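Quick notes on the structure that follows.
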Amino acid sequence: MESRSYNAAVEEIKSRCNIVDLIQPLVPLKRTGSNFKGCCPFHKEKTPSFVVSETRQTYHCFGCGEHGDAVGFVMKYYNKTFPEAVEQLAVQYGVEINTVYAQQGKRKEPYYEANRLAARFFFSAMATPGSRGFAYMANRGIEPQTLQKFGIGYADDQWTSLTDHLKENGITDDMMAELGLSSRSQKNGKLYDKFRERVIFPIINTQGKVIGFGGRIIGDGEPKYLNSPESLVFLKKQNLFGLNLTKSEIQKEGYAIMVEGYMDVVGLYQSGVKNVAASLGTALTEQQARLLSRYTKRVLLCYDADSAGIKAALRGVDVLRDAGLEVRVLHVDDGKDPDEYVRKHGKDDFIKLVDNRSLSDIDYKVALAAKQYDIQTTDGRISFFRSAAQILSRLEPIDREIYLKKVAEEYGFSEGALRSQARGANEILPAALAPASQSEDGTLPASNGASDGQILLEKTVIRLLMGNSSFYPEAAAKPQLIVTDPGRGIFEAFAHLYRPDAEFDVTDLKDRLTEGEMAYFDQILNTVLAGDDDRKAFDDCMRKLDNATRTKRIREISDILSMADPSADPVYLNDLAKELAELNQQNKR
């Protein structure tokens, strides 16, 4: 069969796949007229509202709004990326794929194999009688079956034991050095093992591939933890430790517990708390938040109670909230970290702690602000009032209304005064802190429930930017334009590559994209027409975006006014009513 691009493969899949036959084994459907109907698999419902159109080869749920085609269904139902979903359907319907993605996958295979050999070598060393690694982990209370479950190994104190083993199995010096399994001596250029006298935690992606390693030193020495460098197969910001084992438990429990270290994951998992994962020595990233969102919409941050843990939690809650996730925070006080706590008190007490002591992200921020000031004094109370107002100012309107009432009641503030202060704080916040702004790492926050029109607008602007990079500053000034995860990745690449005097280069851009982002980008280039007048087309997109933003604000204000009770600040409500009238007037022009 001839080679095909992903886009050609998708079209071929659609020609061979009847979406009713695809969904019927997973979701019981009954014919209603020309369509089929059943209970939605993506939310709980008793009255069927999930409709599958055999004519259009699409599905739509009138309850939760989920919709799409065969590829979209597989992505949502099985928590897969776009390339993974296409590959699954391609196998199912006998469609061959041979593209840059498949070629890149073939390039990665030798790296995966080298890491697999290293992981097996480390694991065998852990099981060797007299292993110092085994004794260390046993002293930490880790049982043999847990070591096996995570594939935890041991790097001995010899200088070339792993290097020699990999050479014997055909792994090249360059690959060993690139993967960080070996280092090269500056004196004689010879290779030696990078990991020595350490417990080794293999880092495995959600497809079950070993992509890197973390090594914890046994005894004294620095650094305490040594991690693999980033490589063709390992990007720290895009992966989470333990998720390969715990993703099904996260789905089952309905939330994920994010901890700081390898041992926290291993200790909690062994105790029976299995819906857990950890970032890889970095602050929580947007990519990691998006990865979590494939398995749950609720996350509990359980970091150490020291200053570093608090700082990490404060950054983490913003990243997770921007990704559309519901966030709670728990600091374990009785014990240095979650691993120590669960070993001392057990699973049941830890779950009680989660249920009784965790705080919503906003409650956590406000409570933390309260601790920074002496709120028994006038000056301290005023400073805390301003800090609380600024925290609330960054929320979406509905959330802000709910927390305004709660914080005012809990701390004895005037609700009207707090609302007025929050509104003023939001007006003077720099763009980087506003609700629809960029996050600290320069990426754009996630959006949920994007319509087909919003996605088409995003695609059109990306296509126009590839023909005329001078539009980029105007597009970048409107973060609400980007509504999909791949779109955010593409705009992040635009931000890195933009130069006022040069057009964007397709090859340079693709070098910065993930597989899913490249698939989306190729789809745009292949299906979105550039048009004859780029300036006119771009201005039309910006006008449509402004109209959509105005319409969204109208809905927000209408929602707030409908929720307002008689005790609400009349000045604030009057200001909202005036703003609503002005927005409606603008829509008529």
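Rounding to the nearest 20 debye, state how big the charge dipole of the chain is about its Cα centre with +1 on each Lys and Arg Cβ and -1 on each Asp and Glu Cβ.
Numbers: 76 positive and 83 negative charges, 183 e Å.
For the chain, the charge dipole is close to 880 debye.
Taken about its Cα centre, the range 291-425 carries a charge dipole of roughly 360 debye when the Cβ of each Lys and Arg holds +1 and the Cβ of each Asp and Glu holds -1. In summary, the aspartates and glutamates within cross-link reach of residue 194, defined as a Cα separation below 12 angstrom excluding same-chain residues under 8 places away, comprise 156, 157, 178. Taking a straight line from the alpha carbon of residue 149, these aspartates and glutamates sit under 16 Å away, with near neighbours fewer than eight places off in the same chain left out: 249, 264. Averaged over residues, the count of other Cβ atoms within 10 Å places the peptides 220-226, 173-179 in the sequence 173-179, 220-226, highest first. For the listed residue pairs 274/344; 44/578; 237/552; 46/237, the alpha carbons are over 28 angstrom apart in 44/578; 237/552; 46/237.
Using the Cα gyration tensor of the chain, with a ≥ b ≥ c the square roots of its eigenvalues, what is the shape: rounded (a/c below 1.5), prolate (a/b larger than b/c) or oblate (neither)?
Oblate, because a/c is 1.5 or more while a/b does not exceed b/c.
For the range 344-408 versus the range 195-248, the spacing of their alpha-carbon centroids is 34 Å. Over the range 72-195, accessible surface divided per residue gives 52 Å², non-protein components excluded, 1.4 Å probe. The string of couplings for the range 517-522 from the Karplus curve (6.51, -1.76, 1.60, θ = phi - 60°) is 5, 5, 4, 5, 5, 4 Hz, one whole number per residue in order, with x for Gly and Pro. In the full protein context, the range 343-425 carries 52 Å² of accessible surface per residue, based on a 1.4 Å probe and ignoring ligands, DNA and RNA.
When only alpha carbons of the range 497-550 are considered, Rg and Dmax amount to 14.0, 37 Å.
Counting each pair of different Cα atoms once, what's the Kirkwood radius of the range 195-253 in Å, rounded to one decimal? Taking every pair of different Cα atoms in the range 195-253, averaging 1/r and inverting gives 12.6 Å. Summary of the geometry: the range 119-174 and the range 464-496, compared by the centres of their Cα atoms, lie 46 Å apart.
Apolar share of the accessible surface for the chain: 49 percent from carbon plus sulfur atoms, 1.4 Å probe.
Cα-Cα pairs above 17 Å in the range 51-168: how many percent?
Details: 4934 of 6903 pairs.
Of the Cα pairs, 71 percent sit more than 17 Å apart.
Within the straight-line cut-off of under 24 Å between alpha carbons, the lysines reachable from residue 365 are 297, 311, 336, 352, 405, 406, sequence neighbours fewer than 8 places apart in one chain being disregarded.
The values are calculated or read from the model by the stated rules, or taken from the named source; none is laboratory data. All values reported here derive from a predicted model rather than from experimental measurement. Using ideal geometry, Cβ is built from the backbone for each residue, glycine included, and neighbour counts are taken over all protein chains shown. Note: areas computed on protein heavy atoms with side chains; ligands, DNA, RNA excluded. Shrake-Rupley method; radii C 1.70, N 1.55, O 1.52, S 1.80 Å.
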